[in-house]
Structures are given as C-alpha cells and as structure tokens.
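The values are calculated or read from the model by the stated rules, or taken from the named source; none is laboratory data. Source: prediction; values computed, not measured. Counting neighbours? That spans all protein chains shown, and the Cβs are built from the backbone with ideal geometry, glycine included.
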Amino acid sequence: MNDSEKTERDPTKPNYVVTTLQEQGPKLPLAVVDSKGAAGDAIETKRWNMREERALGQLRAEHPDLNMAQYASMVIGRMCPKLGPHTFDENTKAEVKNVHIGQMPAGDVFYVYVWLRTKALGNILQLRPKCGGCKNEFDFKADLNTLEIHIAKTPEDVLWEYELKEPFPAHGKEVKKLKLGAPIWNSYEMMTHGGDINVGETKMELIKGSIIGVNDGPNILVTDADLDEMGKLDLETLTDLLDLHFLGPNMMVEGDCPKCRTGFKKSIPWTYDDFFGVSSR
C-alpha cells in the first residue's frame, strides 16, 4: 500500500465498534490489562439467590454512606468472580476487589452492571416515563438486549485529542492540547456522596479521570487546583465531547408516547433499588 492509499485515523475521535448488549454477550467493551500486562475481556457471574441477596443487604447496612458508584462496585465485586484478567474468590477482600474495579474503564463497569442485571432479572426493564408533550405517564418496557454498546479492541482505540479554546497555565507550562481516553470507574466513585449532586464536581471528576496526556506529553494535571484554571468554554465543550466519546452502554432508551406519539428519550435509572427491581420509575 502506498502513502496515498493509507487512511490516517482522526485523532479527535475514538476507534469504536457499535454493537448491542445481546451481540456483545459476557465480554467487556474494552479488554482490561492487569499490572503484568495480561489482557482479558471475559465476564463471569454468580447465580443471584437469597444467600447473595442477604449478603448484599448486609454490605449495604454496613456502608450506609456509599454513593451509587461505590455500592455498584461492591455488588459487582460480590456477584462477578471474574472480570477480564481479575479473578475474585471467597478469600479476596472487598477492599482489593474495589481497587481493581475502581481502576477499570467506567464503560466496562457500566456494562458489567447491565449484564449482571440481565442475568439476574432478564432483559426487560419496566419504566414509567412522562411525555414531554402531553405530560402523559405510561408504562414502557425497555429491552436491555437492544442497548447500543460502544466497544474497543485495544486501549489505543479509545484515545482522542482536544485543542483547548483557551489555553491555561499548569505547573509552569501553558496547556494547549489534551489527550483523553475512557474515564476510570473511580471518577464516579469520587463524586459527592448521598443524593445531592454537585454538577461542577461531576464535570471535574470525569474530565480529570479522562486526561492521559498534555501537549503531546504525559499528564501533568494531577490536582483539582490545576483544572480550576480551565475556562468555561472548554469545560462545557469537553463535557459534551465526553458524552459523545462514551465507551460501553448508552444508558438511554427511546420510544413514542402511546397517547400523542411524541418521541421521548429517557435515561435509564441505575440506582440499585431501581435497576435491580422488577419495575422502575
């Protein structure tokens, strides 16, 4: 192949393949690489019986201050004996499981969470959306098997670049360009506990958890104070781009109102009580 026939990859876009949950099956959207360089994408789940239900209830009672992401890590650590190259047995401490899960790509963890739900309760999730047009509330059966999944064959396939509109100083350098990848799950675990959501903090953690390089070099942005210098235009643009570059499941369902036929989109509620119940609102 000569140079004129080569197609260079667009550095602003990830190299994803789009599939569905049913087609992807028990495999991570991005193969996880462990500390020894071993990669794997297999997912194994336990049978969810009353014994496991009681154990999860005990974990919840012992850790009442966990946010949604932190409790999701505990659920996954309990119910999934294998995640890519990581194997958990009865002797693996919860803290060790949580460290491994927290360092996984967030899209992988979301995918495991959805896959675990389908194995435990099936692929139909009962929702009750409210039409934005006529305000009608109605029952809607979401088929999780049809969720759109973005998968990547290699870690390099999730990388993309962003040219800052407003360069800013950090550690004695002017930051002009960022190299980003899939945010790790710990970015979600570090967000505000409880029901109060700090939107600014959420944007900060997701951006910080996605940056892997600065100005064609390694990542020098290591603290919140560094990112505090980022301008509003870049903050909002990056937030939108992170949504477009998501890895794993698109946690949205869409359909039409049965009364007025207005189309709707609804974010899937992934809190434990909503997602792992037989119905959800």
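Remarks
- Residue within the stretch 228-236 that is under 28 Å from residue 73 (Cα atoms) and either modelled with pLDDT under 90 or exposed (fewer than 15 other Cβ atoms within 10 Å of the Cβ) (or both) present: no
- The residues of the stretch 199-249 that are within 15 Å of the chain's Cα centre (by Cα) and assigned to a loop (DSSP other than H, G, I, E, B), listed by number, are 245, 246, 247.
- Test: residue in the stretch 6-13 that is modelled with pLDDT of 70 or more and under 26 Å from residue 100 (Cα atoms): no
- Residue 75 farther than 17 Å from residue 190 by Cβ, in a helix (DSSP H, G or I) and not charged (D, E, K, R): yes
- Count of the stretch 162-177 residues which are in a strand (DSSP E or B) and either in contact with a Ser or Thr (Cβ under 6 Å, 6 or more places away or on another chain) or free of Cβ contacts under 8 Å to residues at least 60 places away in the same chain (or both): 8
- Within the stretch 91-114, one or more residues are of a type outside the set (Ser, Thr, Tyr), in a loop (DSSP other than H, G, I, E, B) and buried (at least 19 other Cβ atoms within 10 Å of the Cβ).
- Inter-residue pairs, beta-carbon under 8 Å, first touching a residue at least 60 places away in the same chain (Cβ under 8 Å) and in the stretch 201-217, second assigned to a helix (DSSP H, G or I), 6+ apart: 209/106; 209/186; 209/187
- One residue alone among 99, 75 is within 22 Å of residue 183 (Cβ to Cβ) and without any contact (Cβ under 8 Å) to a residue 12 or more places away in the chain, and that residue is 99.
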